[in-house]
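The values are calculated or read from the model by the stated rules, or taken from the named source; none is laboratory data. Keep in mind that this is a model prediction, so the values were computed, not measured. Don't worry about glycine lacking a Cβ; one is built from the backbone with ideal geometry, like all the others, and counts go over all protein chains shown.
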Amino acid sequence: MTLRVATAPFRYSGPDRLDITRKGGSPFAPSWPLLTEAKAMMRTDPRAAWDFYAPRYVDEMRRSWREHRGEWLALLDRERVVLVCYCPLPGK
């Protein structure tokens with residue numbers, strides 16, 4: 001089985017919804033420091049903010065994999081998941 005992953009705005013409410021917001025306490029959420037810095041950059045240069053954010057978020061998720069293996073394995077066992085957050089679309 002292959003996990004199908006989609007993203008959606010936080011308001012999405014389907015059965016395959018997974019809240020990955022920091023406020024939701026998800027192990028898939030970015031750290032507050034990363035969010036704070038990226039949000040500040042977003043106001044002046046959204047593209048640069050995404051370029052800054054993406055590799056750091058990947059690094060954080062690598063740490064999350066090591067620290068929250070059970071949650072990751074449960075996620076990977078699903079057929080479909082829609083990750084929801086408050087983020088604007090890249091480049092917007």
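Quick notes on this one:
- Cross-chain or 6+ apart pairs with Cβ under 7 Å, the stretch 22-49 first and closer than 30 Å to Ala74 by Cβ, then surrounded by 17 or more Cβ atoms within 10 Å (Cβ to Cβ) and of a type in the set (Gly, Ala, Ser): Arg22/Ala29; Pro27/Ser64; Phe28/Ser64; Ala38/Ala49
- Unmet criterion (only one of (1) surrounded by 12 or more Cβ atoms within 10 Å (Cβ to Cβ); (2) in contact (Cβ under 8 Å) with a residue 24 or more places away in the chain; (3) basic (Lys, Arg)) for Arg4: (1)
- Criterion: outside any loop (DSSP other than H, G, I, E, B) and either surrounded by 15 or more Cβ atoms within 10 Å (Cβ to Cβ) or of a type outside the set (S, T, N, Q) (or both) - qualifying residue of Arg78, Arg63: Arg63
- Some residue of the stretch 9-20 being touching a Cys at 6+ places or on another chain (Cβ under 7 Å), surrounded by 12 or more Cβ atoms within 10 Å (Cβ to Cβ) and touching a residue at least 40 places away in the same chain (Cβ under 8 Å): yes
- Residues (farther than 16 Å from Ile20 by Cβ and assigned to a helix (DSSP H, G or I)) located in the stretch 34-49: Thr36, Glu37, Ala40, Met41, Met42, Arg43, Thr44, Pro46, Arg47, Ala48, Ala49
- Test: residue in the stretch 5-12 that is under 12 Å from the mean Cα position of the chain (by Cα), among the β-branched types (Val, Ile, Thr) and within 13 Å of Val84 (Cα to Cα): yes
- Every condition in (1) touching a Ser or Thr at 6+ places or on another chain (Cβ under 6 Å); (2) modelled with pLDDT under 95 is met by Ala49 except one, and the failing one is (1).
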